[in-house]
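Peer 1: Here it is, the structure, as structure tokens.
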Amino acid sequence: MKFSRADADIFVPEGGDPAAALARVTHLCVAAHQDDIEIMAYAGICDCLDQAGKAFGGVVVTNGAGSARTGPYADFTDERMQAVRREEQRRAATLGRYAIQLQLAHPSAEVKSPGNSGVVADLVAIFARCRPETVYLHNPADKHDTHVAVLARCLDALRSLPPERRPRRVLGCEVWRDLDWLVDTDKVALDAGRRPELAAQMLLAFDSQVAGGKRYDLATLGRRAAHATFHAAHATDRLAGITWALDLTPLLAERAPDLAAFTVAAIDRLRDDVRMRIARVT
Ligand SMILES: [Zn+2]
């Protein structure tokens with residue numbers, strides 16, 4: 001298995017042939033940065049831990065070079081930081097017993113350039129070598145440019161596959177900007193409340209991100225708990241933690257709307273919901 005960047009990292013936690021490990025993957029997450037997978041697709045990781053015959057695969061598209069660094073990492077060069085983050089991602093993959101972890105090492109600027117063929121070629125190669133039933137991607141209303149760019153490149157790659165080779169379900173998950181604003185009928189609840197100790201361990205594997213005072217571990221676990229409690233006023237909490245997602249599968253259909261129209265339609269449904277509720281009581 002070869003990718004367009006010489007510094008791409010292929011890691012099979014249990015050892016063995018990477019192509020065979022990728023072929024086993026049933027739940028695949030393609031994210032922009034190291035630690036995004038563990039924030040957005042923890043439910044998929046748990047699904048695979050809980051069921052025989054299921055296997056989780058993680059893909060990180062960028063090299064993590066531009067990350068903020070403080071505390072013990074303040075003086076690290078970009079190269080050293082990339083090496084640290086690559087190792088942290090491998091540690092998380094080991095903890096989560098992923099079948100495979102791929103880190104494609106593209107500079108963020110190249111991912112954001114729509115004409116970059118290397119990024120899409122790598123993604124096509126990955127999607128063509130596995131048959132995931134569920135694919136976890138960034139959501140189109142995320143406020144991080146690189147996240148939305150990775151989503152757009154993934155959709156380009158998935159649309160290039162013949163329809164019968166496309167995944168059955170594609171979900172856009174929250175990282176930078178929650179999805180609790182979606183109207184309830186647009187929300188997909190992913191059960192992220194399982195194995196709370198493992199969830200914390202996996203987020204703390206990214207010491208370089210947490211050490212400087214950005215407590216992604218506490219924030220992610222708190223967000224999941226808040227979603228579980230606040231999504232229904234009159235029901236008791238069925239799940240201990242929720243990650244919200246938007247179903248992106250319609251974007252792979254023939255004559256699908258474009259990404260902007262699809263996303264703005266969800267915002268319009270929120271606008272209608274707010275307007276109707278106010279009208280009901282005033
Ligand atoms: Zn990210």
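Peer 1: What number of residues within segment 16-46 are within 16 Å of the ligand (Cβ to nearest atom) and either closer than 19 Å to F127 by Cβ or free of Cβ contacts under 8 Å to residues at least 24 places away in the same chain (or both)?
Peer 2: Residues in segment 16-46 being within 16 Å of the ligand (Cβ to nearest atom) and either closer than 19 Å to F127 by Cβ or free of Cβ contacts under 8 Å to residues at least 24 places away in the same chain (or both): 8 in total.
Peer 1: Another one. Return yes or no: is T263 touching a Pro at 6+ places or on another chain (Cβ under 7 Å), of a type in the set (S, T, N, Q) and part of a helix (DSSP H, G or I)? Please lay out each step first, then the result.
Peer 2: Details: touching a Pro at 6+ places or on another chain (Cβ under 7 Å): yes; of a type in the set (S, T, N, Q): yes; part of a helix (DSSP H, G or I): yes.
It is true that T263 is touching a Pro at 6+ places or on another chain (Cβ under 7 Å), of a type in the set (S, T, N, Q) and part of a helix (DSSP H, G or I).
Peer 1: So A68 passes all but one of these: (1) more than 16 Å from the chain's Cα centre (by Cα); (2) more than 14 Å from the ligand (Cβ to nearest atom); (3) farther than 19 Å from L248 by Cβ. Which condition number does it fail?
Peer 2: The single condition A68 does not satisfy is (2).
Peer 1: Of the residues D273, D237, which single one is surrounded by 10 or more Cβ atoms within 10 Å (Cβ to Cβ), among the charged types (D, E, K, R), within 28 Å of D191 (Cβ to Cβ) and at pLDDT below 95? Break it down into steps so the answer makes sense when it comes.
Peer 2: Numbers: D273 fails: at pLDDT below 95.
Just a single option satisfies the conditions, and that option is D237.
Peer 1: Identify all residues within segment 195-252 that are in contact with a Gly (Cβ under 7 Å, 6 or more places away or on another chain) and basic (K, R); write none if there are none.
Peer 2: R224
Peer 1: So, one more: Is it the case, given these coordinates, that L155 is over 13 Å from the mean Cα position of the chain (by Cα) and more than 30 Å from Y73 (Cβ to Cβ)?
Peer 2: In short, yes.
Peer 1: Would you list the helices (runs of 4 or more DSSP H) that sit entirely within segment 97-187 and hold 3 or more residues that are surrounded by fewer than 23 Cβ atoms within 10 Å (Cβ to Cβ) and more than 15 Å from the ligand (Cβ to nearest atom)?
Peer 2: 117-128, 145-159
Peer 1: Suppose we filter P132, P140 for residues that are within 26 Å of A23 (Cα to Cα), under 16 Å from the mean Cα position of the chain (by Cα) and modelled with pLDDT of 95 or more; which single one remains?
Peer 2: Checking each option against the conditions leaves just P132.
Peer 1: Okay, next question. Filter segment 47-65 down to the residues that are of a type outside the set (S, T, Y) and within 16 Å of the ligand (Cβ to nearest atom) and list them by number.
Peer 2: G58, V59, V60, V61, N63, G64, A65
Peer 1: If you go through segment 213-234 one residue at a time, how many are of a type in the set (D, E, K, R) and either in contact with a helix residue (DSSP H, G or I) (Cβ under 6 Å, 6 or more places away or on another chain) or buried (at least 17 other Cβ atoms within 10 Å of the Cβ) (or both)?
Peer 2: The number of residues fulfilling the criteria is 3.
The values are calculated or read from the model by the stated rules, or taken from the named source; none is laboratory data. The structure displayed is predicted, hence computed values, not measured ones. FYI the Cβ positions are ideal-geometry reconstructions off the backbone, even for glycines, and counts take in every protein chain you see.
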